[in-house]
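The structure under discussion appears below in the form of structure tokens.
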Amino acid sequence: HLISGLAVIAAVSPLFEEWLERCHGVLTYRLTQVFTGHGSFGRFLFLIGREETPGCHHCEDRPEDMVAHTLAVCPAWAEHRRVLRDVVGDGALSRPALLQAMVRSERDWDAVSSFCEAVMLAKEEAGRLRERTSRPSRRERHSGRRGSRDDLRPPSRPVRAARRVPRASQRAIRPPQMGPSRADA
């Protein structure tokens, strides 16, 4: 995960001042996924145990699904890339190139944001569909005693009820009430 952080730093550093001084654009969840590589990318999901392989589910030859593959190569996103290139130009679609486009203008920011939102949402939906229709992932198989976080069934072992203290004992442990002392009587 350190490599992803270093990639973001390397991409932002040359235009750090422009990034800070821009008056447009808001980072979204899916923009952040693209710039960090921590999202619906086969390589990342494989590293965290959510996928069996790092390969791209949208390509026949299953190359490693990383940010660079999603941005510039994967045929599943060709139409989204065409729309993005119509706005930002025909240059390379890499993290540094997208960041440069984003600081250039609000129009470019919106085009990059729309691309990331559409592609990442489609990848997330495809991943959810795969999870519902395939055998359990490594994470689900090795999730320990808690089970799946989506499993809302009661625990398999009955939960013991707390031991109830008899009423007489409860009275015995109450603090004494303040009243006249025996010395006053």
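For residue 54, are the conditions met, namely being crowded, with 17+ Cβ neighbours inside 10 Å and closer than 25 Å to residue 122 by Cβ?
It is true that residue 54 is crowded, with 17+ Cβ neighbours inside 10 Å and closer than 25 Å to residue 122 by Cβ.
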Which pairs turn up if I take residues in the stretch 99-110 that are more than 13 Å from residue 31 (Cα to Cα) and look for partners that are surrounded by fewer than 19 Cβ atoms within 10 Å (Cβ to Cβ) and not hydrophobic (A, V, I, L, M, F, W, C) with beta carbon separation below 6 Å, at least 6 apart in sequence or on another chain? 103/18; 103/22; 106/24
Kindly indicate whether any position in the stretch 96-106 is exposed (fewer than 15 other Cβ atoms within 10 Å of the Cβ) and either at pLDDT 95 or above or part of a helix (DSSP H, G or I) (or both). yes
If I filter the stretch 76-95 for residues that are without any contact (Cβ under 8 Å) to a residue 40 or more places away in the chain, surrounded by fewer than 18 Cβ atoms within 10 Å (Cβ to Cβ) and touching a strand residue (DSSP E or B) at 6+ places or on another chain (Cβ under 6 Å), do I get at least one hit? no
State all residues of the stretch 32-56 that are at pLDDT below 95, over 23 Å from residue 98 (Cα atoms) and either touching a Gly at 6+ places or on another chain (Cβ under 7 Å) or in a loop (DSSP other than H, G, I, E, B) (or both); if no residue qualifies, say none. 48, 49, 50, 51, 52, 53
Selection count where residues are within 16 Å of residue 116 (Cβ to Cβ) and without any contact (Cβ under 8 Å) to a residue 24 or more places away in the chain, scope the stretch 8-26: 1
Checked 59, 74 against criteria (modelled with pLDDT of 95 or more and farther than 20 Å from residue 8 by Cα); the one match is 74
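Being surrounded by 18 or more Cβ atoms within 10 Å (Cβ to Cβ), free of Cβ contacts under 8 Å to residues at least 24 places away in the same chain, among the hydrophobic types (A, V, I, L, M, F, W, C) and under 23 Å from residue 122 (Cα atoms) is the requirement here; does residue 59 meet it?
Details: surrounded by 18 or more Cβ atoms within 10 Å (Cβ to Cβ): no; free of Cβ contacts under 8 Å to residues at least 24 places away in the same chain: yes; among the hydrophobic types (A, V, I, L, M, F, W, C): yes; under 23 Å from residue 122 (Cα atoms): yes.
No; evaluated as a whole, the condition is false for this residue.
The values are calculated or read from the model by the stated rules, or taken from the named source; none is laboratory data. In this text, all values refer to a predicted model and were calculated from it rather than measured experimentally. With ideal geometry, Cβ positions are generated from the backbone for all residues, glycine too; neighbour counts draw on all protein chains shown.
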